[in-house]
Amino acid sequence: MRRNLWLVAGVFVFAAAQIVPAAGQVIAAGDFAYTGDNGPGFWGEISPACAPTSVRQSPIDIDRVVVDPRLDPLRVTSTETTTIISNPGYTLVGKQDNKPTVELRGVTYTLVEFHFHALSEHTVQGQYGVMELHVVFADPSLTKLAVIGVIYKVGRPNGFLRQILSAGLPEKSTSAPVTVENLNVADAFTDTRSYYNYPGSLTTPPCSETVNWFVLKRWAELSQEQFDAFRKVLGNDFRPLQKRNGRVVRATPRGPF
């Protein structure tokens, strides 16, 4: 089934974001971690952009916003397709055969991957979710990124996650990837007309400060059993909150805060 969704977007700033680190540098899973000697406090030694001196890092606490009535709807198009779920050693990554797209200011951005963090990386007025999904899109030159973030809370079972869990999660980096048939990434989204938008960074090395973030206002739900299954694999793969440094977070008029 092909599905067209409307993602409200507006006056936002795009900057270059490199999917592949500059100068051929490869950030391997073993080069960074979320605890210990390779934890977030040391990421600046891996990539300078991760250092505390950087000013547009992500994630942040979304504690105040500017409501922008000029925000315009943009369409996300996706289909049910074969998805490969792999474990690179620091998260679970999904890549799809028939790639969804989102049109931003007349440019078509194509899905690169989606991946998960537990707990959530972004917070809203200091409140963490139990998990966060990042759906990463890139422009044709692979230099600009738009990332849609979906924050989860424990509640009703989640159909999108049920499909992934039914295939079995690859529990280790040495585990073989698994195949999920007929998965539509659009099923992961809540109200795509209602979100927060701000300029930020990748939340793992190389921490490029060039990501255009769209964090959906309405949190998705998942059951405790589903969360436990993901948490068993993900552990605590969330980066600590970063300083906002005067950045403006725009919000759609639609939806809560």
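Put simply, the amide H of R193, placed in the peptide plane, has neighbours under 5 Å in V8, leaving out anything fewer than 5 places away on its chain. Dividing the helix sum by the residues of the chain, where each DSSP H run of 4 or more adds -39500 (n - 2.57), gives a mean residue ellipticity at 222 nm of -2500 deg cm²/dmol. Annotation: amide H-H contacts under 5 Å for N158 (H modelled 1.01 Å from N, sequence separation of 5 or more, or interchain): S223.
Other residues within the sphere of radius under 15 Å centred on the Cβ of E221, judged by their own Cβ, net out at 0 (K and R +1, D and E -1). If you count Lys pairs in the range 2-251 whose Cα atoms are under 21 Å apart, skipping same-chain pairs closer than 8 places in sequence, the total is 7. Each Lys or Arg adds one and each Asp or Glu takes one away; over the other residues whose Cβ falls under 11 Å from the Cβ of R244, this sums to +2. Each Lys and Arg Cβ is given +1 and each Asp and Glu Cβ -1; about its Cα centre, the range 2-251 then shows a dipole of about 660 debye. Rg/Rh for the range 2-251 stands at 0.93; both radii use Cα atoms, and Rh follows the Kirkwood definition. Extension gain for V66 to E45 (0.36 nm times residue separation, less C-alpha to C-alpha distance): 4.1 nm.
Coupling constants for the range 147-163 follow from the phi torsions by the Karplus curve (6.51 cos²θ - 1.76 cosθ + 1.60, θ = phi - 60°), and in residue order they are 10, 9, x, 10, 8, 10, 10, 6, x, 7, x, 10, x, 4, 5, 4, 4 Hz; glycine and proline get x. Simple rule: put +1 on each Lys or Arg Cβ and -1 on each Asp or Glu Cβ in the chain, find the dipole, and look at T192, Q163, G235; the Cα lying farthest toward the positive end is T192. Taking other C-beta atoms within 10 angstrom as a stand-in for reagent exposure, E225, E209 fall in the order E225, E209, fewest first.
A short reminder: the numbers here are calculations on the coordinates, not readings from a lab. Predicted model only: the values in this text are computed from it and were never measured. All Cβ positions, glycine included, derive from the backbone under ideal geometry; neighbour counts span all protein chains shown.
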